[in-house]
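Undergrad: Below you'll find the structure I mean.
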Amino acid sequence: MNETSNGACEMPKYSCNDPIWALKIKYFDRYIPTIDELNRILNHFDTNSNEMYKYSDDIGGFITPEDLRYAKFSVSRDYVQTYNPTSDGYYIVYKNGHQSFLPTIIFENLYSCITT
């Protein structure tokens, strides 16, 4: 498996029972729509193009990894609502593709890095 956060290079692999891929989070920024975006969402109308506006953006926030080899990337609204990630934790991808979050203290007590 070659899990990447942005297609650049394989994420570090960790192990407890099953291997996972994880990145330590340096910053987590919750996505906050602009006033213009909120108006388009609420009115279903794009005043710039005079066309119906369908909001399909599923961005819930942005993670900036501590490891400089990885660029900032977005996570879904469902991810943010489910895990409420913070800057003190790890973004995790399991073998089946499921994404998760764990606070640093829990993650580092459970997992050992097996690749970097």
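Undergrad: Once amide H atoms are built 1.01 Å from N in the peptide plane, which residues 5 or more positions from Gly60, or in another chain, come under 5 Å H to H?
TA: Correct list: Val75, Ser76, Arg77.
Undergrad: Hey, another quick one. How large is ³J(HN,Hα), in whole Hz, for each residue of the range 95-105 in order, when computed from phi with the Karplus curve 6.51 cos²θ - 1.76 cosθ + 1.60 and θ = phi - 60°, using x for Gly and Pro?
TA: Listing the rounded values in order: 3, 7, x, 5, 9, 8, 9, 9, x, 3, 4 Hz.
Undergrad: Amide H neighbours of Ser87 under 5 Å, counting only residues 5+ apart in sequence or on other chains, H built in-plane at 1.01 Å?
TA: Counting only residues 5 or more places away or on other chains, the set is Phe28.
Any read-out appearing in this document is the output of simple, stated calculations on the displayed coordinates, not a laboratory observation. Note that this is a predicted model, so its numbers are computed, not measured.
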